[in-house]
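Following: one structure in structure tokens, then a few remarks.
Nothing in this text is a laboratory measurement; each read-out follows from the coordinates by a stated rule. Note that the coordinates shown come from a computational prediction; the quantities given were computed from them, not determined experimentally. Counting neighbours? That spans all protein chains shown, and the Cβs are built from the backbone with ideal geometry, glycine included.
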Amino acid sequence: MTEQRIENVIIVGSGPAGYTAALYTARANLEPLVIEGFAWGGLLQQTTDVENYPGFPDGIMGPEMMQHFRTQAERFGARLETDDATRIEVSREGGLHKVWTGDQLYVTRALILAMGAQHRKLDVPGEAELAGRGVSYCATCDAAFFRQAPTLIVGGGDSAMEEAMFLSKFAAKVAIVHRRDDFRASRIMLERARAIPNIEWLTPYVVEEFSGENGSLSVARLRNTADGSSRELEVTGAFIAIGHEPQSQLVVGQVETDAAGYVVTKGRSTLTGIPGVFAAGDLVDHTYRQAVTAAGSGCQGALDAEWYLRDTPFPLSEAEIAEAAAGASA
């Protein structure tokens, strides 16, 4: 039987929030372990040019940026486990928290959750193939690439209206495609969007397929949900704004989550309701969902975890030590 190492901090997730938390905790000599996952880097791994992150005046490719984040965290001693967390068990009393990757168990005094969120997809032909080549999930990120171009937004909520209004400042035309004639968006958001002359409304339609020429989006095929008729729309940009899915499945029922599945934190902190468990980045963020805000949130999570470890006495009982050691041989 080998003795189970008890970590100071485990970070689950590897987007801007996870790697920033790793950087800060590593520089605090906490020797963090990052369960970064096989698809490390988060949503920025699916992004091409990033032009709105401070410090990169000429822009940077998303995957390259995440490699910089990763390398910087490693430089200060963060340890990276390129595997997916398959199970998490938190201690409600603030004891040892447990993370599994397959059969491998890790135990930790502090746990930072940074699993992020994923864009909801339409799951139609051409969407995956043309992602980053005309199909996008963030107008705030990518609208400037579509100056004077024909574009569309798919969605009917406030987020879709926000995206459409932002995109309308750049694109020649923005078609809002929605499956119903009525919208979930608030009245004030609809009024604002309807007042913009280069926004048009296509209802009740759904996108059935994206296609392109020379590897870039050129056509969206739509179907009318009322009469079944089809039409083709020539566009070079398509923005999917049908929501996000926070990746909180491993902790639902253990930490507080809201109706949409986002982890709930206390006030402006990253503290959850469980002592020693913190949450950062898009896992908690309904509103902004930008790389820079996620990185800032990761910094907060690291500082909150550091202060928790500094201020919280943590004598292990014989039973806890025995349990941790037993976990190493399980």
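Site-free segments of the chain were taken between chymotrypsin sites (Phe, Trp or Tyr not before Pro) in DSSP loops having at most 14 other Cβ atoms within 10 Å, sites themselves excluded; the longest one is 39-287. Taking 14 Å as the cut-off, the amide N atoms of region 276-291 that come nearer than this to a point 7 Å along the Cα-to-beta-carbon line of GLN72 belong to 291.
Loop-located GluC sites (Glu not before Pro) in region 1-72 (DSSP state other than H, G, I, E, B) with a sparse environment of at most 11 neighbouring Cβ atoms within 10 Å: GLU3. The spacing between region 1-74 and region 175-238, judged by their C-alpha centroids, is 36 Å. Within the shell of other residues whose beta carbon sits under 12 angstrom from the beta carbon of GLN247, the net charge comes to -3, with Lys and Arg scored +1 and Asp and Glu -1. If you wrap region 183-277 in the convex hull of its Cα atoms and look at it from every side, the mean projected area works out to 10.6 nm². Working from label points 7 Å from Cα in the Cα-to-Cβ sense, the GLU64 to SER211 distance is 3.4 nm. Straight-distance candidates among the aspartates and glutamates for linking to LYS121, with alpha-carbon spacing under 15 Å and chain neighbours fewer than 8 residues away dropped: GLU129, GLU208, GLU209, GLU245. Spin-label model, TYR288/ALA128: points 7 Å from Cα along the beta carbon direction are separated by 3.3 nm. Put simply, the chain fits an ellipsoid with semi-axes of 42, 20, 18 Å; these come from the alpha carbon gyration tensor as the roots of five times its eigenvalues, largest first. Over all other residues within a Cβ to Cβ distance under 13 Å of GLU36, the charged ones net out to -2, with Lys and Arg as +1 and Asp and Glu as -1.
Excluding the sites themselves, what is the longest stretch of the chain that contains no trypsin sites (Lys or Arg not before Pro) in a DSSP loop with at most 13 other C-beta atoms within 10 Å? It works out to 6-91.
Any chance you could give the angle, 0 to 90 degrees and rounded to 10, that helix 62-75 forms with the longest Cα principal axis of the chain? Roughly 10 degrees, rounded to the nearest 10.
A straight chain from GLU256 to ILE6 at 0.36 nm per residue would run longer than the Cα-Cα distance by 87.5 nm.
Full extension of the chain between ARG310 and ASN29 gives 100.0 nm of extra length, using 0.36 nm per residue less the Cα-Cα distance. Given Cα positions, please report Rg to Rh for region 1-150, the hydrodynamic radius being the Kirkwood one. Ratio of gyration radius to Kirkwood radius: 1.05. Taking only the Cα atoms of region 121-240, the radius of gyration and Dmax are 13.1, 40 Å. Net charge of the neighbourhood of LEU283, taken over other residues with C-beta under 12 Å away and scored Lys/Arg +1, Asp/Glu -1, is -3.
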